[in-house]
Amino acid sequence: MPNRVVIGSQWGDEGKAKIVDFLTKYADIIVRFQGGANAGHTVKADDREFIFHLIPSGIMHPNKVCVIGNGVVFDPKQAILEIKDLVSKGISVENRILIAENAHVVLPWHIACDKLKEAKAGKSAIGTTGRGIGPCYSDKVNRHGVRVGDLLSEQELRARIEDIATFRNEEFKKMFDAEPIDPEPVIKEYLDLGKQLKAYICDTVSYLFEGLKNKKQIIFEGAQGTILDVDHGTYPFVTSSNTVAGYASCGSGVGPTTIDQVIGVVKAYTTRVGNGPFPTELSDETGDKLREIGGEYGATTGRPRRCGWFDAPVVRKAAAVNGLTHLAITKLDVLDTFKEIKICTSYKLEGKDLLFFPNRVEQVSLCEPVYETVPGWECSTTNCRSWSDLPPNAQKYLTRISELADVKIGIISIGAKRDESIIMDIGE
Ligand code: IMP
């Protein structure tokens, strides 16, 4: 049984949660390894819809264990909300959620700083989710952070929070002319949150190590997408973590040799939420049509997503930096009514052909998409359950995407529900 990383191969919102939920039946443990409550993972099961921001999507399956790894920036208030919601809907969480004691904690300073920075940046704002992600990661690497384990010790928590308060309150005053945050009530509140979460907090690294020794199968659930990666994305219009498959290892504390498969989730078209260049963006009726049929509104912020055609240079880059072994192509059904569909096969940049998404944001802004137009299939694919059920033009479209990315197709998704899926080859 392979250990799999499921990763976003575009700008996030590719439908990873559905794929993770679907694959969870073959797994024992599901691990989130980066990002935080900026993610919005939507799962539809038994006619109920759940949106998770922190808890791994595998929680919907009884008897599977969900781990929030050390690479996540953890908002305890959000976690408690999600746990209470699950319990109120009759989903058992007992002994099923483990939170890494060495994950970093999102604090009120981080959320306030995220919003203050964005407001001050005006037109050059990143368009963050406002969940405090960037400031929390920056305190982590600046060694000012609070870790989940600190929530269990008044002495540790006080020392860490007093350090952050000094540093951040000074910044609030000097940079933003904003009110400081009093550390005392925060210490009290976060100690209480620690008490509520105590049963879930542990050494997840040793748990995973033992699990692997006992041949447990793990799914590493990515958040956001490759082109939002802090190293490989459209910097500075990116999130603050490494979203690529390699980080599954660092962000959960398992060796890279643990990973057998990397499934790159790609929408059959492209979307982006937040600011920054997007070469195949359609600011016209076709873009609006994709948004309306695809329900392309952010699960975390409700913002309308920017929409465009499938972009092969993006997915080629994702194939390279993640070492994709399979594609999971989602939302094919959104294209069901289009008469013609375009595929961006390469870019023109300063008169030259470019097959690969560039690193430098100034270059991305200058890239002109080169399109090929293919006929649509103009019928519903939602009831298809095998490759041969798909209309020939849909088969040709998918084959072309796979050819351009040079990655084989593992799964095709033709609807939000679990069974609205076609399994090609995932080597169970
Ligand atoms: P942050 O992660 O909140 O700092 O936001 C940085 C950028 O990443 C913004 O463009 C956000 O819109 C984008 N972003 C963060 N999380 C997600 C996600 O889960 N899906 C899509 N975009 C995201």
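Okay, here's what the table says:
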item: Residues located in region 101-112, provided they are in a loop (DSSP other than H, G, I, E, B) and free of Cβ contacts under 8 Å to residues at least 40 places away in the same chain; result: none
item: Residue count, region 220-270 (criterion: within 15 Å of the ligand (Cβ to nearest atom) and either within 13 Å of the chain's Cα centre (by Cα) or open to solvent by 10 Å² or more (accessible area, probe 1.4 Å) (or both)); result: 25
item: Filter result (closer than 19 Å to ALA79 by Cα and either more than 11 Å from the ligand (Cβ to nearest atom) or not in a loop (DSSP other than H, G, I, E, B) (or both)) within region 113-134; result: ILE133, GLY134
item: Qualifying residue in region 228-235 (condition: in contact with a strand residue (DSSP E or B) (Cβ under 6 Å, 6 or more places away or on another chain) and either under 13 Å from GLU14 (Cβ atoms) or among the basic types (Lys, Arg) (or both)); result: no
item: Flag if GLU378 is over 18 Å from THR234 (Cβ atoms), of a type in the set (Asp, Glu) and touching a strand residue (DSSP E or B) at 6+ places or on another chain (Cβ under 7 Å); result: no
item: Index of the failed condition, ILE59 passing every other in (1) touching a helix residue (DSSP H, G or I) at 6+ places or on another chain (Cβ under 8 Å); (2) part of a loop (DSSP other than H, G, I, E, B); result: (2)
item: Verdict on VAL334 being within 25 Å of the chain's Cα centre (by Cα) and more than 30 Å from TYR247 (Cα to Cα); result: yes
item: Residue within region 57-77 that is closer than 21 Å to TYR247 by Cβ, hydroxyl-bearing (Ser, Thr, Tyr) and modelled with pLDDT under 95 present; result: yes
item: Unmet requirement for GLU14, which otherwise passes all of (1) closer than 26 Å to TYR297 by Cα; (2) assigned to a loop (DSSP other than H, G, I, E, B); (3) open to solvent by 20 Å² or more (accessible area, probe 1.4 Å); (4) among the acidic types (Asp, Glu); result: (3)
item: Within region 141-228, helices (runs of 4 or more DSSP H) holding 2 or more residues that are in contact with a His (Cβ under 7 Å, 6 or more places away or on another chain) and in the same structural domain as GLU94 (by TED's automatic domain parsing); result: none
item: Test: residue in region 328-339 that is outside the structural domain of VAL244 (by TED's automatic domain parsing) and without any contact (Cβ under 8 Å) to a residue 24 or more places away in the chain; result: no
item: Residue list for region 278-303, filter: open to solvent by 20 Å² or more (accessible area, probe 1.4 Å) and within 13 Å of the ligand (Cβ to nearest atom); result: TYR297, ALA299, THR300, THR301, GLY302, ARG303
item: Criterion: without any contact (Cβ under 8 Å) to a residue 12 or more places away in the chain and more than 16 Å from the ligand (Cβ to nearest atom) - qualifying residue of LEU81, LEU98; result: LEU81
item: Qualifying residue in region 304-311 (condition: assigned to a loop (DSSP other than H, G, I, E, B) and either open to solvent by less than 40 Å² (accessible area, probe 1.4 Å) or assigned by TED's automatic domain parsing to the domain that holds THR226 (or both)); result: yes
item: Only one of GLY35, GLY12, GLY8, GLY40 that is modelled with pLDDT under 90 and near the ligand (Cβ under 10 Å from one of its atoms); result: GLY40
item: Test for PRO62: is it at negative phi, open to solvent by less than 20 Å² (accessible area, probe 1.4 Å) and away from the ligand (no atom under 12 Å from the Cβ); result: no
item: Region 379-428 - residue that is hydroxyl-bearing (Ser, Thr, Tyr), exposed (fewer than 15 other Cβ atoms within 10 Å of the Cβ) and touching a residue at least 40 places away in the same chain (Cβ under 8 Å) and, of those, nearest to THR325 (Cα to Cα); result: THR382
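The values are calculated or read from the model by the stated rules, or taken from the named source; none is laboratory data. Predicted model only: the values in this text are computed from it and were never measured. Quick reminder, even Gly has a Cβ in these numbers, built from the backbone with ideal geometry, and neighbours come from all protein chains shown. All accessible areas refer to the heavy atoms of the entire protein, side chains included, with ligands and DNA or RNA removed. Shrake-Rupley method; radii C 1.70, N 1.55, O 1.52, S 1.80 Å.
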